[in-house]
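Below is one structure; the comments refer to it alone.
Just so it is clear, none of the values below were taken in a lab; they were calculated from the coordinates. For clarity, every value in this text was computed on a predicted model and none was experimentally measured. In this analysis, Cβ positions are derived from the backbone assuming ideal geometry, glycine residues included, and neighbour counts consider all displayed protein chains.
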Amino acid sequence: MTFFIKTGVVKLYNITSAGEEKIVSYESDGGFLPVEWLFNHAPVSLYYYDTFTDCEVYRIPKIDVIEVINKNPQAALSLLDRSFSMFIGATMHLHALEQSKARNKLLHILQYLVLRFGEKVDTNHSKIKLRLTHQDIANLIGTTRETISSEMGKLVKEGVAKVDKNEYVVNTDKALRLLGESDFKDLKL
């Protein structure tokens, strides 16, 4: 059986040998889990899954999903488009992990989260529609909660981010300027 997320967000993660949770990604509305198993790229699911928000999820036999994709070119194109978005998101996440400084890791992951889960507030600000703790963000980029708290405090003082009860609003223009990444300005995931 595969799972189709009608609404909500599911967290994909692994657990290290030391027992630490490492977030791999988030999957949301319209996503299938485990996608690697669904398309025969792995004999079993590679990750653990946990609902991150309230979700409505359907269990569907694998053969039924494949049959719909084979018979409906629009469904296949929609899945291909979603796959490209997930690939771009994964490479952005990887790029954030490659940064040597925690500040740059945080700025890159905020940019990724804005693109993946952001909602425009105005021309310069986007709200991340996930309620993330500092620990969630730390788990995304492989650092500590204390480091995220410190670096986030600096970004708040600089006017790059606003934080209220685990909700983040990012000044995307300031964030992109700090990153020197104008190429991400018109990117869509």
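Structural remarks
- Which of Thr133, Thr143 has the fewest Cβ neighbours within 10 Å, and the rest in rising order: Thr133, Thr143
- Distant-in-sequence amide H partners of Ser45 (H built 1.01 Å from N, under 5 Å): none
- Available extension along the chain between Thr144 and Val68 is 23.0 nm, counting 0.36 nm per residue and deducting the alpha carbon span.
- Cross-link table Lys127/Lys174; Lys105/Lys165; Lys101/Lys129, entries beyond 24 Å C-alpha to C-alpha: Lys101/Lys129
- Ordered by the count of other Cβ atoms within 10 Å of each Cβ, fewest first, Glu98, Glu167 give Glu98, Glu167.
- C-alpha long axis of helix 73-98 to longest principal axis of the chain, angle in °: 40 degrees
- The stretch between Lys129 and Glu20 holds 36.7 nm of extra length on full extension. This uses 0.36 nm per residue minus the Cα-Cα distance.
- Each residue of region 126-141 was assigned a 3J(HN,Hα) from its phi angle through the Karplus curve 6.51 cos²θ - 1.76 cosθ + 1.60 (θ = phi - 60°); the sequence is 10, 9, 7, 7, 10, 8, 10, 7, 4, 5, 4, 5, 4, 5, 5, 10 Hz, with glycine and proline shown as x.
- Set of aspartates and glutamates with alpha-carbon distance to Lys22 below 20 Å, sequence-local pairs under 8 removed: Glu36, Asp50, Glu98, Asp136, Glu146, Glu151
- Ranking of Lys71, Lys154 by neighbouring Cβ atoms within 10 Å, starting from the fewest: Lys71, Lys154.
- The chain: calculated mean residue ellipticity at 222 nm from DSSP helix runs of at least 4, using -39500 (n - 2.57): -14000 deg cm²/dmol
- Backbone phi angles across region 5-18, fed through the Karplus curve with coefficients 6.51, -1.76 and 1.60 (θ = phi - 60°), yield HN-Hα couplings of 8, 6, 9, x, 10, 10, 8, 9, 8, 10, 10, 6, 5, 8 Hz in residue order; Gly and Pro are listed as x.
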